[in-house]
1. Starting from the amide H of Thr54, placed 1.01 Å from N in the peptide plane, find each other amide H under 5 Å away whose residue is 5 or more places distant or on another chain.
2. Within segment 14-43, which residues have the backbone N less than 14 Å from the label spot 7 Å out from His8 along Cα→beta-carbon, could you tell me?
3. Stretched out fully, how many nm does the piece from Leu59 to Asp16 gain, at 0.36 nm a residue minus the Cα gap?
Amino acid sequence: MEATPDDHPVWVTSADGTAEHAVPDTAMAAGLELESVCGARFLPAAMTAPPGKTCEECLTHLLVPAPREPEPRRLWRRYVAKH
Ligand SMILES: [Zn+2]
């Protein structure tokens, strides 16, 4: 699942307790199994479970938000507008 700036990710620990993944709030209502921004599908741990290790791949997805459109297309539009 790709994160966008409009998503409000929530950090959720997996039921096996090994990792804490970022899950977009829009994915929270989908069902019992969650899909994180790194693509991992997992069952959430109980709210009382201690946090797992922060997923490095989820962090990468959150630090570099997906562009709304590919960069070359944006440049092309700029070129077209000037000429
Ligand atoms: Zn993750």
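1. Result for Thr54 returns Glu20.
2. Residues 23-29 qualify, since their backbone N sits under 14 Å from the label point.
3. Computed gain between Leu59 and Asp16 is 13.5 nm.
Rule-based calculations on the coordinates, nothing more; no lab input. Quantities reported herein were computed from a predicted structural model and do not represent experimental measurements. FYI the Cβ positions are ideal-geometry reconstructions off the backbone, even for glycines, and counts take in every protein chain you see.
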